[in-house]
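All remarks here apply to the structure that follows.
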Amino acid sequence: MQKISIKREQSQAGLSFAEREKFRPQVKNKLLLLLVLLVAVATGAWAQTETLLTTITATAKTTYSETTAGVVTVTPSGQDGYNSYGWSWRGSGSVTVEAKEGYTITKCLFSQPGKTPVTISSSPFAITFNGEGYCVQNDDMDGVKSIEVYGYVTPAPTGYSITLDEGTGNKDSQNWEITPKSSELSGKEDVTVKYNGSREVKSVTVVKKVEKAVDNTYQTWDGTQKKLVAAKIPAEVTTVANADADVEWQAGTYVVEGQVNINGTIELSGDVDLIIKDGAKLIVNNSINGNFDYSLSIYGQAQKTGELVVNGSDYDAILNLPTLEVHSAKVTATASGNDKHGGINSIKTFNVYGGLFDAKSAAADGGFGILLSGGGSMDIWGGEVKAEGKKDGDWDCGIVCGSTGNKATITVHGGKLWAGNADKKAFNFVTLTIDKSSFSGKIETSDDDKSWTEYTSPETPGTKYVRVGY
């Protein structure tokens, strides 16, 4: 809280009413001037030092990395490919950089290896490409590899209130006019105060409301403490962008902000950490494919509202991963189309630590919820897993192993598990166990998903539905 006190510069004792009225405007003017100065300081209206905020580097046709995440949004459009020169154009297109809340851009340096860079020093911070794929601002450039973004951090608080004290309580409050009203202040505008009464103004107080800073962390499993803990989001990440074709994800950390749609397959060419921020949603309208070599770990933030939806339109939704992990996010993986496919296919190691994972087949010919590789494992430490199959084939189960002679194991250490298939059974070619050292939940079985009976046999249930920990 900051407070301004207005003091008289001369005594008014013995002055007539008219003389005191002459003095009053000096107090009012000083009050208004100091109030405007205070608001200017509180809102960061004075010049700040320009610094390098972040460097954007193109990593594939539709993706990029950031040295500092959460600073800007980069929107490339019209690019036809990616090579050693970065994004490339054959026709028209553009690249636009916009500051996120809390940052102000002063200039952007767009670069392509071996070419003279383009500097944009005023909004909009964008460069364009003509119908032949050359940069309008510098016709020597036909691509963009990196963007240096300069500017400064703007104050994060967004709320203010004003208290006016005339020296005798609020008996004279009806004579004060504040524009805009205190309830409408965002901290980014000038405030006009007008006093129409006859009392003397003693002070004006401006109170800055403290707003919690954006949490730049995500939830990850701590194997020692056996719980989810907060970890800092790495400085260098790739922000996931919209795409209307297949994309390649190289090794690294990918972050989802807002709603993002990828109308194609995500091909992994390295191990990937995917962080889905609170309220964000990534929709993949095809598949995520690890090509049997590369793993995927999915993380959420504290509120666990980040969501990944994979719609395997004509194939399995998520497939061919040595390791798949879910730490704190909501994941829905659904297979559709005509052939037999599943929500998850060919996963060697599947670990769930928190959040919700829902895998199922909606394919016309049936399919499975989760198919584990021969000798594979599924460990649930927290959160909730649902797996639903369709039709009555041997592999059309909630959870199944792809090798009849080398069963997979499912161990529940905590959380919940539900698996089922109305036409077949919940499990096939897998062994289900409970870790009694860490989990007191029970196994229940049902053939109608309504009436449940506790199951105590050491053998894996053969019923249509099975649930654990409910």
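Worth a mention:
- At R0 = 30 Å, FRET efficiency that the Cβ-Cβ distance of Asp365 and Asp80 yields, to 0.05: 0.20
- At R0 = 30 Å, FRET efficiency that the Cβ-Cβ distance of Tyr152 and Thr73 yields, to 0.05: 0.95
- Evaluated with a Cβ-only charge set (Lys, Arg +1; Asp, Glu -1), the range 281-400 carries a dipole of roughly 300 debye about its Cα centre, given to the nearest 20.
- Distance in nm between pseudo-label sites at Thr453 and Trp176 (7 Å out along the Cβ direction from Cα): 7.4
- √(5λ) per eigenvalue of the Cα gyration tensor, the range 372-444, largest first, Å: 21, 15, 9
- Equivalent ellipsoid dimensions for the range 313-470 as semi-axes, Å, which come from the Cα gyration tensor, largest first: 21, 18, 14
- Cut-off 18 Å, label 7 Å out along Cα→Cβ of Ser92, residues of the range 110-140 by amide N: 126-139
- The residues of the range 387-447 have, on average, 41 Å² of accessible surface per residue, using a 1.4 Å probe with all protein chains present.
- With a simple spin-label model that places each label point 7 Å from the Cα along the Cα-to-Cβ direction, the separation between Ser123 and Asn338 comes to 5.3 nm.
- Spatial offset of the range 304-318 relative to the range 217-294 amounts to 12 Å, using the alpha carbon center of each.
- As an equivalent ellipsoid, the range 207-334 spans semi-axes of 26, 17, 13 angstrom, where each value is the square root of five times an eigenvalue of the C-alpha gyration tensor, largest first.
- Stretch gain in nm, segment Lys232-Asp139, where the contour uses 0.36 nm per residue and the Cα spacing is subtracted: 29.4 nm
- Distance between the 7 Å Cα→Cβ label points at Lys100 and Asn263: 2.6 nm.
- Heavy-atom accessible surface of the range 388-468: percent carbon and sulfur, 1.4 Å: 41
The values are calculated or read from the model by the stated rules, or taken from the named source; none is laboratory data. Keep in mind the model is a prediction, meaning the values are calculated, not measured. Neighbour counts are summed over all protein chains in view; Cβ atoms, including those assigned to glycine, are modelled from backbone coordinates with ideal geometry. Just the protein is used for accessible areas: all its heavy atoms, side chains included, with ligands, DNA and RNA removed. Shrake-Rupley method; radii C 1.70, N 1.55, O 1.52, S 1.80 Å.
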